Amino acid sequence: TTEATMKTLTVSGGQIGANGTLFLRLMTKDTGTNGTKTYRIKFGGSTLVTAANAATFEGNVSYEFFIINRNAQNSQIIRHFHEFNTSSAENQTLEGNTDTYDSFGLYTIDTSLNQTLEVTGQLANAADTMNIRSWFVWVIK
């Protein structure tokens with residue numbers, strides 16, 4: 001299928017500041033085992049994270065994502081972490097049966113200007129589903 005926007009938010013220019021952090025916590029649920037389910041986190045027109053969940057994965061994923069300005073509004077380090085829960089039980093926490101992944105990256109997105117934070121999803125097979133259960137966005141100064 002084609003990539004579809006699932007969530008979007010405009011972050012006002014200057015809101016993060018030279019030493020601030022934009023924090024995103026995203027909780028998702030994938031169903032079906034027919035194909036890969038790919039989430040992308042984009043900011044300022046750049047794809048910062050691509051997370052492709054295997055066709056055999058069915059369950060919940062918790063993503064944490066930090067955009068940290070480094071003493072300037074156009075210099076960032078990005079940190080991304082996610083945790084898998086392969087149980088589809090609605091009331092089960094993300095503790096226990098999990099796998100984790102984290103990564104870092106350096107970017108030069110001008111946060112003194114309005115920038116769009118966007119989460120997209122793409123299914124390899126339309127018989128599967130991807131859902132955002134919740135998303136929280138904080139600016140920490």
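The values are calculated or read from the model by the stated rules, or taken from the named source; none is laboratory data. All values derive from a computational prediction rather than experimental measurement. FYI the Cβ positions are ideal-geometry reconstructions off the backbone, even for glycines, and counts take in every protein chain you see. Remember, those area values only see protein heavy atoms, side chains included, never the ligands or the DNA or RNA. Shrake-Rupley method; radii C 1.70, N 1.55, O 1.52, S 1.80 Å.
Yes or no, residue by residue, for (1) open to solvent by 80 Å² or more (accessible area, probe 1.4 Å); (2) over 26 Å from residue 44 (Cα atoms); (3) at pLDDT 95 or above:
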| residue | (1), (2), (3) |
| --- | --- |
| 71 | yes, no, yes |
| 75 | no, no, yes |
| 81 | no, no, no |
| 97 | yes, yes, no |
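Return yes when residue 41 is out of contact with any helix residue (DSSP H, G or I) (no Cβ under 6 Å at 6 or more places or on another chain), among the β-branched types (Val, Ile, Thr), at pLDDT 85 or above and assigned to a loop (DSSP other than H, G, I, E, B) and no when it is not.
No.
From the list 21, 10, 5, 36, pick out the single residue that is surrounded by 13 or more Cβ atoms within 10 Å (Cβ to Cβ) and modelled with pLDDT of 95 or more.
21
Across the range 44-69, what is the number of residues that are open to solvent by less than 20 Å² (accessible area, probe 1.4 Å) and on the phi > 0 side of the Ramachandran plot?
Adding up the residues that qualify gives 1.
Quick one: is residue 105 at pLDDT below 95, open to solvent by less than 50 Å² (accessible area, probe 1.4 Å) and either over 16 Å from residue 121 (Cα atoms) or acidic (Asp, Glu) (or both)?
In short, yes.
Any idea how many residues of the range 111-141 are open to solvent by 30 Å² or more (accessible area, probe 1.4 Å) and part of a loop (DSSP other than H, G, I, E, B)?
Residues that pass the stated criteria total 8.
I need the full set of residues from the range 1-39 which are under 17 Å from residue 76 (Cβ atoms) and of a type in the set (Val, Ile, Thr), in order please.
11, 16, 21
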